[in-house]
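To keep things clear, I will list the structure first and then write my remarks on it.
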Amino acid sequence: NAGVMQNPRHLVRRRGQEARLRCSPMKGHSHVYWYRQLPEEGLKFMVYLQKENIIDESGMPKERFSAEFPKEGPSILRIQQVVRGDSAAYFCASSGNGGDSPLHFGNGTRLTVT
Amino acid sequence: RKEVEQDPGPFNVPEGATVAFNCTYSNSASQSFFWYRQDCRKEPKLLMSVYSSGNEDGRFTAQLNRASQYISLLIRDSKLSDSATYLCVVNHFGNEKLTFGTGTRLTIIP
């Protein structure tokens, strides 16, 4: 499967635990985006990364959230000390040429905080 | 004013009818425009890019009006399988962040 791969598909965490969401972009893509979608709401931009660099994190909450895209391996979105309000679908997307190119999305990770 | 604004709907349209959505954007420097569709609890999928001259793909036609800062999507001869949420996506030159509208929900009624 040459598409964007996200795992896990579903993640359940208790309040206060950490959540790690992984995303492998499409082959040949070096631009990765993370979006969050709350139930019955639209997609909200969180962060845009290229290999080893955060380009735009204007949508990331200031605390508890971090993202990386190392030279080797998948991009990781990390949420520390999760709260119920973090429950959402988190979509990763990749493109070959930044904002001028359409995004290809992964299946998403559905995070439930109990 | 929101960066990208869409009528949330829902639009309930009989099968075979023609339906059109508009999407307005606030930044006149916007350069790239796309329509995506999202089925319930699934990931968004690219429907079509929107070009300055307008473009057509089968039953779908997309148009761009730079003067009034909106893009449109027209669906002809609608099918039951067209039921989905349609997302308008915009970015402006020099900004790699693609901004999504909240989506327009369409339901095709048999």
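Just so you know, all these numbers are worked out from the coordinates, no wet-lab data involved. Just so we're clear, the structure is a prediction, and the values are computed from it rather than from any experiment. Note: ideal-geometry Cβ built from the backbone for every residue, glycine included; neighbour counts use all protein chains shown.
Around the Cα centre of chain B, unit charges on the Cβ atoms of Lys, Arg, Asp and Glu (plus for the first two, minus for the last two) sum to a dipole of about 160 debye.
For A:ALA88, the residues 5 or more places off, or on other chains, whose built amide H falls under 5 Å of its own are A:LEU111.
Please report the orientation-averaged projected area of the protein assembly as shown, defined via the convex hull of its C-alpha atoms, in nm². Convex hull of Cα atoms, orientation-averaged projection: 12.8 nm². Kirkwood analysis of the Cα pair distances in the range B:49-110 returns a hydrodynamic radius of 13.2 Å. For chain B, the Cα gyration tensor yields ellipsoid semi-axes of 23, 14, 12 Å (square root of five times each eigenvalue, largest first, whole Å). A simple count of charges around B:LEU74, restricted to other residues whose Cβ falls under 13 Å of its Cβ and scoring Lys, Arg +1 and Asp, Glu -1, yields -2. Coupling constants for the range B:63-80 follow from the phi torsions by the Karplus curve (6.51 cos²θ - 1.76 cosθ + 1.60, θ = phi - 60°), and in residue order they are 9, 10, 10, 5, 4, 9, 6, 8, 10, 9, 10, 10, 10, 9, 6, 4, 10, 4 Hz; glycine and proline get x.
For the protein assembly as shown, the dipole from Cβ point charges (+1 on Lys and Arg, -1 on Asp and Glu) about the Cα centre works out to 760 debye, to the nearest 20. For the range A:39-81, the normalised intensity computed at q = 0.14, 0.24 Å⁻¹ comes to -0.36, -0.88 (log10 of I(q)/I(0), Debye sum over alpha carbons, equal scatterers, no solvent).
The range A:7-50 and the range B:1-74 have Cα centres spaced 24 Å apart.
Run the quick spin-label model on A:GLU63 and A:ARG9: label points 7 Å from Cα toward the beta carbon, then report their separation in nm to one decimal. A separation of 3.5 nm, rounded to one decimal place.
Mind listing P(r) for the range A:1-108? All alpha-carbon pairs, 5 Å bins, whole percents. Here the calculated profile for the range A:1-108 is 2, 13, 24, 27, 20, 10, 4, 1.
Here the Karplus curve 6.51 cos²θ - 1.76 cosθ + 1.60, taken at θ = phi - 60°, turns the phi angles of the range A:13-26 into couplings of 9, 8, 3, x, 7, 9, 10, 10, 10, 10, 8, 9, x, 4 Hz, with x standing for Gly and Pro.
The trypsin sites (Lys or Arg not before Pro) of the range A:1-57 meeting both criteria, a DSSP state outside H, G, I, E and B (loop) and at most 11 other C-beta atoms within 10 angstrom of the site's C-beta, are A:ARG9, A:ARG14, A:ARG15, A:LYS27.
Couplings 3J(HN,Hα) for the range A:39-55, derived from phi with the Karplus relation 6.51 cos²θ - 1.76 cosθ + 1.60 (θ = phi - 60°), are x, 6, 10, x, 7, 10, 4, 10, 7, 10, 10, 10, 3, 6, 9, 8, 8 Hz, where x marks Gly and Pro. Full extension of the segment from A:GLU40 to A:THR112, taken as 0.36 nm per residue of separation minus the current Cα-Cα distance, would add 24.4 nm.
Between A:GLN81 and B:SER52, the simple label model (points 7 Å from Cα in the Cβ direction) yields a spacing of 5.1 nm.
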